[in-house]
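Below you'll find the structure, written out as structure tokens, and then a few comments.
We did not get these values from a lab; they are worked out from the coordinates using the rules stated. What you see is a predicted model; the values in this text were computed from it and never measured. Note that we place each Cβ from the backbone using ideal geometry, even for glycine, and neighbour counts take in every protein chain shown.
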Amino acid sequence: MLLRERRSRGRSEETQDSGSLAEGPGRRERAPAGAALYNLEMAHIIEPASSSRAKCRSCEQPIAKGELRFGERQPNAFGEGEMTLWFHLPCAAYSRPEPFLESQVEGQPAAPADAPLESLAAAARFGIAHRRIPRLRGAERATSGRAHCRSCRELITKGEWRLALVFFEEYRFNPGGYIHAHCAREYFETTDILDRIRHYSPELREPELAEVATALARPVVAK
């Protein structure tokens, strides 16, 4: 999934970058009043999709009828009652790890027996341990040389591999800029992200993924 380049809004995340996984640049997501209590009462759910009309909130692709999907329950942002944010299971584990794990605690509705919960739960825990990981939305070659890396602040050269970022704000994912692929270790505190890149950039072939892996492993040269 390719994200459009956006100019920085002048907000800095680096000085206030501890806290919620849903932090936006330089600020923390503020949940609506009563949201915490509401989430205790309204359980998240994993179920087969009853139709193919819903799109995944994370990757923005349709969820096929009959495919297992994750529903994150939240207060209705437009009025009374509830609303459900639908995700493919891997997208939920990668981009909304805390709600995904909440769906598997005792007392929540049981997931279908064929749901691959063990491996996805491990991916979700990894995202919580590395709090910036849920921001990742795939890899692509820079289409211009205008974007700055959110990690090193240097320009990303046209044609160079870059990683797209998003921030979860007000129940949606908003584009959050890019980092050099070789800045991943500094930014994410890990380079074990190729499975997520493969998931969010399905158009990349194996030779291209090998190039991304090489870029991830490349050390950052101090200037």
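This model, with +1 at the C-beta of Lys and Arg and -1 at the C-beta of Asp and Glu, gives the range 133-217 a dipole about its Cα centre of some 240 debye. With 0.36 nm allotted per residue and the present C-alpha distance subtracted, the His148-Ser119 stretch has 7.0 nm of extension available. Charge tally around Glu60: other residues with Cβ under 11 Å, Lys/Arg +1 each, Asp/Glu -1 each, net +4. In the range 50-97, which chymotrypsin sites (Phe, Trp or Tyr not before Pro) fall in coil by DSSP and have 11 or fewer other Cβ atoms within 10 Å? Within the range 50-97, the qualifying chymotrypsin sites (Phe, Trp or Tyr not before Pro) (loop, at most 11 other Cβ atoms within 10 Å) are Phe78.
Here Ser201, Ser95, Ser151 are placed in order of increasing Cβ neighbour count within 10 Å, fewest first, which gives Ser201, Ser151, Ser95. Backbone phi angles across the range 50-64, fed through the Karplus curve with coefficients 6.51, -1.76 and 1.60 (θ = phi - 60°), yield HN-Hα couplings of 7, 7, 10, 7, 6, 9, 5, 5, 8, 9, 6, 9, x, 9, 5 Hz in residue order; Gly and Pro are listed as x.
Taking every alpha-carbon pair under 8 Å whose residues sit at least 6 apart, the range 133-217 reaches a relative contact order of 30 percent. Net charge in the neighbourhood of Leu209 (other residues with Cβ under 11 Å of its Cβ; Lys, Arg +1, Asp, Glu -1) is -3.
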